[in-house]
Every structure is written in structure tokens, then in C-alpha cells.
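The next block holds one structure in the form of C-alpha cells; read it before the comments.
The values are calculated or read from the model by the stated rules, or taken from the named source; none is laboratory data. Everything numeric in this text was worked out from a predicted model, so none of it was measured. Every residue, glycine as well, gets a Cβ built from its backbone with ideal geometry; the counts of neighbours run over all protein chains shown. These area figures cover heavy atoms from the full protein model, side chains too; ligands, DNA and RNA do not enter into them. Shrake-Rupley method; radii C 1.70, N 1.55, O 1.52, S 1.80 Å.
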Amino acid sequence: MLDLRLLRAEPERVRTELMRRGSTDDLDRVLELDRRAREVRTRVESVRAERGRITKEIGQAKRVGRDSDDLQTAARALGDALVAEEAALREREAARDELLLGLPNLAEPEAPAGGEDDAVTVRVVGTQPLFDFAPKDHLEIGLLLGGIDMEQAAKISGARFAYLMGPLVRLQIALVGFAVDLLEARGFTPVVPPVLVREEAMFGTGFFPTDRASIYALADDDLYLVGTSEVPLAGLGYEKILDADQLPLRYAGISTCFRREAGAAGRDTRGIFRVHQFDKIEMFSFSDADGSSAEHLRILGVQEEILTQLGLHYRVQDIAVGDLGASAARKFDCEAWMPGQDRFREVTSCSNCTDYQARRLNCRIRTDAGTRFVHTLNGTAVAVGRTLIALLETHQRADGSVSVPEVLQRYGAPAELELA
RNA sequence: GGAGGGGUGGCAGAGCGGUCGAAUGCGGCGGUCUCGAAAACCGUUUCGGGCUUUAGGGUCCGACGGGGGUUCAAAUCCCCCCUCCUCCGCCA
């Protein structure tokens, strides 16, 4: 959520900023609704003040045993007059807030202009793996290894589900162990969070109302399956005033993630690249306003460290403003080379949400000048499914067997994955 | 799932229709005292919002888990929800 006071004080600046992201329609309506809401609020509050004065007088009269019927009549009249005004106030403020909630965050000035196709490549790391045979894609390899069964998953759960089996489970466990060790060494406290959350958490992180269609909802309970542990990790700061001295607070969430993939019909239908359920380790930081850009780069650094240690060829993309999620002010994606697709595909993503989520979550620190919203940041450490794809395809051999990076062997993975 | 008891400021804890944004204690901050410190003593100490302001403030409204209701008036009475605790049942 944007700062309403900023909208009032510098509407032109906000308009220019929102123009970069392609949407200014609601801004003027928010300002107009706000003006109208405050108009009523001023009236309502002065009537309430008047009634309060009379009510106090009644109390005094009662104590002395004096008659107060006239005062009571006057107070009742004021109260009756308030009913309609208060309803109007609620209505106008609700209308204003609903639109305000839908406005996206202001982008960092450095974020590239444009949309989906306008991401700027920051750097390319490693070299493209070369094969003296036609490289297979991860599904072929997975089948040869006996590590993936999607046909049977389709029968019991539907499209975009998979059984991960045998050697790939070993690989996942090693990946998780490796990542948790590295993250803890970088100051991130490991967390296994709730994956079912209330709608407040979804609003607080900005997934509602914008991305409601991508979230699974339970039919019989008012709970939602998280699409990322970013949601419950952000929830650690919900309605809280944090200790400023303890920032940045860093957490690494380990969870299964659930996504409906509505609107992605027909896209990436092969294999486990885009599925409804996957496991992910996610970094999340609560930072102060001054430190968030540095924290963002720090998170990106950890992501690159992981990809490098896994022996993957990747590039870093600076995402253009038009392609940012509602909460993000700046976003970097790491795209790993996937030989089976012969191109770079997203494996991690990290966003600086500045104070946008914090304002919705009401997560603050106390300063000499009062309370201030923190900044929140999130970034993928390991998205298991997509990382497996990159690993299998990058380290494959002609017969379909796969060599395993040394770091993962240290965490219990076999030196190579043999054909089933 | 059943029965009962709680949710009040950073924490503990009183208040149970009006003078209560809230006693008291602890903690925090400022000061007195001291060479310095401790102790003692004095003062101060919630958050959100409207209006206003020569920018330090002034003024008013709202908030006692959340929402609704009764009343001239609700922390206090009634209803619903959330949540914590105790006991019973069930369970990895």
C-alpha cells in the first residue's frame, strides 16, 4: 500500500511514478474519494465532540442529583444525526482504501523502463555447457532415472502435478541441507512456517487483492495455501513494532508452495517446470529504510553463490517496471541455462518491497521521531523443482545418467544418478 | 470434538456503566545527589487519525483481542468471531 499522505502531498510525483508502471487511472479517484471522506470526517468528529461535552455534563448532573432530561434529549438528537454521517464516512473511506490497496508500489528510479520483454541483463556467469550429443530435457532424464512420474500424478491429482522419486528425492534432500547450512551462515534463521494462512496475511503481502486468482482457497475454512513462504515469513512482522537495533532480521523459510497457475494454461506444460506444488527455500529480510537496497544486493549475492556452487550457468536480469509484482519496487531474477530448452529460465527472484508490504502488515520500528515502517525483501534461495531441472540438464551424460556437484555429495547425494 | 477460565499500555496487574486513555509496580528515558557509579528522590513514558500551524506545536476524534448491539454515556452489560490457558476425548 502506498502512503496516503504522500499521495496528498505530492500527487504529481506519484502520478509520474505510476505512469512508469502503466497505471494512473485509480490515482485521481483515490484522491477524490479521500477528499470527500475527509470532508465527512471533519463533520462527524465535530458532532462527536459536541455530544461528548453534553454526555460529560449529564454525568456531572447525575452526580449532583440535578435533572438532565433536556441534556439527554439533546445528546440523543446528536447521536441520531451521526448515524447517517458515520455510514457515509465508512463507505467513502472503504471505497478509497479499496482503490488505494490496488495501487502498486513505486519503482526504484534505477529499475528499467518497459514491460515483460524489457528486462536488462546485468551479467552472465559461467559458460554454456556443451554436449557432444543431443542433450535431453529434464523429463526424459527424470524418466530414465526413475525419478519423475507425472502420468500417475495426473490420475490422482490432475495436470501439473508430479511424483518426485528415488534419486531425485536424494538430490532434493541434499539441496535443502546445503542451502540451509549456507543460509544460516549468512545470518538467515531457518523457519518451517505455516503454509495455510488467513486472508490478512495474503492482503498484508500484497497477493490479495491483485493475485487472488493464483491462490488456492480452502472450501470449508477461511484459509489459503501459500504460493511461497514469503507470506508466512512476512507474517512474523504482522502488527508488530520490531526492535530497531535488531534489524536486519533475516529468515529462511522452508516450505511447500501451491499455485493455481490460472492464466498459464498451455504454457510450460512439459515436465516439472511449472507445477501446482513444489518445495522452496525462501529468504526474507526485515530491514530499515536506509539499508534495504544494500540488503537487496546481499540477497542477490546469496542466490548467485548458490547457483555458482551448483555449477550452473546463469544470468541476472533486472526486471522492468511493467513486469514487477504489485509489492516490488525493484526485482532481480536469476535465470539458469536449461540445455533441454536451449535457453535461460527463471530459477530465482528477489524483490525489494520497500515499505509497501510493511504498511499493509503494520510492521514498524520505533524511532526518536515516532514509529516508522520497515522495509521488507524476499528472494528465492532454492526452488527445488527448477533447480533440479537445471542440475539434471546441465550435468547430464549421453546415456541419461547425471553427475552430481561436489557440494551436494557432501550433503548426502550420490556422486552420480544412475539409470533405473 | 466436549467442559470451564482468561485476553487491559514495553512487561506484570487493578478497574467491572459517567470524574478512566486507564491505578499501582517493574522496565525505559531525563534530572537531583556523587570524583564516578549504585541506592534514594523528582519528572517523564501507548498508538492511529482529522483540523490547524511563522514547524515547535496547538486542538479535537478514535482505540482496553476483532466486529456488532443496548445506553445520553461502555474497558465495564448483551451477541458473534478470533485467540490463549486448564481438564476430558481423539491423534502423528
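Things to note:
- Rounded to the nearest 20 debye, the dipole size of chain A about its Cα centre is 960 debye, using +1 on the Cβ of Lys and Arg and -1 on the Cβ of Asp and Glu.
- Inter-part distance where the stretch A:1-64 and the stretch A:139-183 are each reduced to a Cα centre, Å: 53 Å
- Model label points for A:Arg76 and A:Glu200, set 7 angstrom from Cα along the Cα-to-Cβ axis, are 3.8 nm apart.
- Shown is the FRET efficiency for A:Thr121 and A:Arg372, computed with R0 = 35 Å from the Cβ-Cβ distance and rounded to the nearest 0.05: 0.50.
- Sequence-ordered 3J(HN,Hα) estimates for the stretch A:325-330 from the Karplus curve with 6.51, -1.76 and 1.60 and θ = phi - 60° stand at x, 4, 7, 7, 9, 7 Hz, glycine and proline given as x.
- Anchor A:Lys155: lysines whose Cα lies under 16 Å away (excluding residues fewer than 8 positions away in-chain): none
- ³J(HN,Hα) computed for each position of the stretch A:405-420 - Karplus, 6.51 cos²θ - 1.76 cosθ + 1.60, integer Hz, glycine/proline x: x, 4, 4, 6, 4, 5, 9, x, 7, x, 5, 8, 9, 8, 5, 5
- For chain A, the longest principal axis of the Cα atoms and the long axis of helix A:384-394 meet at an angle of about 30 degrees.
- Per the Kirkwood formula applied to alpha carbons, the stretch A:4-102 shows a radius of gyration over Rh ratio, Rg over Rh, of 1.26.
- For chain A, the relative contact order is 21 percent, taking Cα pairs closer than 8 Å that sit 6 or more residues apart in sequence and dividing their mean separation by the residue count.
- What the Cβ-Cβ distance of A:Leu218 and A:Thr189 gives, at R0 = 22 Å and to the nearest 0.05, is a FRET efficiency of 0.15.
- In this calculation the C-beta distance from A:Arg66 to A:Thr210 is compared with R0 = 51 Å, giving a FRET efficiency of 0.30.
- With every protein chain in place, the stretch A:82-224: carbon and sulfur % of accessible area (1.4 Å): 55 percent
- Near A:Ala383, the amide H atoms lying under 5 Å from its own belong to A:Ile281; only residues 5 or more places off or on other chains count, and H is placed 1.01 Å from N.
- Cα centroid of the stretch A:275-345 to Cα centroid of the stretch A:380-397, whole Å: 15 Å
- Cα-based reach from A:Lys136 at 17 Å (exclusive), listing aspartates and glutamates while leaving out same-chain residues under 8 positions away: A:Asp149, A:Asp268, A:Asp342, A:Glu393, A:Asp399, A:Glu416, A:Glu418
- Annotation: amide H-H contacts under 5 Å for A:Phe344 (H modelled 1.01 Å from N, sequence separation of 5 or more, or interchain): A:Met338.
- Only DSSP H runs of four or more residues enter the estimate; each adds -39500 (n - 2.57), and after division by the residues of chain A the mean residue ellipticity at 222 nm equals -13500 deg cm²/dmol.
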